[in-house]
1. At what distance in nm do the modelled label points of residue 69 and residue 107 sit from each other, each positioned 7 Å from its Cα along Cα→Cβ?
2. Grab the Cα-Cα distance for residue 48 and residue 116, subtract it from 0.36 nm times how many residues apart they are, and report the gain in nm with one decimal.
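Each reported figure results from applying straightforward, stated rules to the coordinates on display, with no laboratory input. Being a predicted model, the structure only gives us computed values, none of them experimental. Please note: Cβ atoms are built from the backbone with ideal geometry, for glycine as well, and neighbour counts cover all protein chains shown.
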Amino acid sequence: MRHLLLPFFLAFLFVVWLTPVGALALSLGSAAARTFGGRILAVIGCNAGGSAVLVGPPKPGLFLYQPPASTLYNRKNLTPVRWVLGNYTPGGVCVITIGGLIPTPVALPIQGTISKIGTS
């Protein structure tokens with residue numbers, strides 16, 4: 001009889017304990033994936049306002065700084081060579097115009113819009 005109950009007991013443990021723990025780990029992982037930090041490599045002005053901020057390692061990316069949606073903390077200066085740490089939400093558009101004889105608008109591949117950013 002005990003041998004017949006063992007599979008049901010293991011299935012019960014899986015449903016009650018492992019599934020909520022796995023869901024919690026997935027939710028924490030997605031929150032951690034939306035952070036960035038490193039040295040500012042470049043700041044590029046966007047046509048419609050705001051700036052694209054290129055951040056180097058250790059957690060690099062190209063992010064949109066769009067006040068008032070983005071909050072800037074500490075030294076309040078987004079210039080190259082400063083170190084930054086922050087979080088972002090997916091989405092955002094930054095269009096720049098590349099000059100020459102025929103000006104051409106180009107959309108930059110933004111990872112997301114900065115929510116909070118601190119500089120040093």
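1. In this crude label model, residue 69 to residue 107 measures out at 1.3 nm.
2. Details: separation 68, 0.36 × 68 = 24.48 nm, distance 2.03 nm.
Here the segment from residue 48 to residue 116 would lengthen by 22.5 nm.
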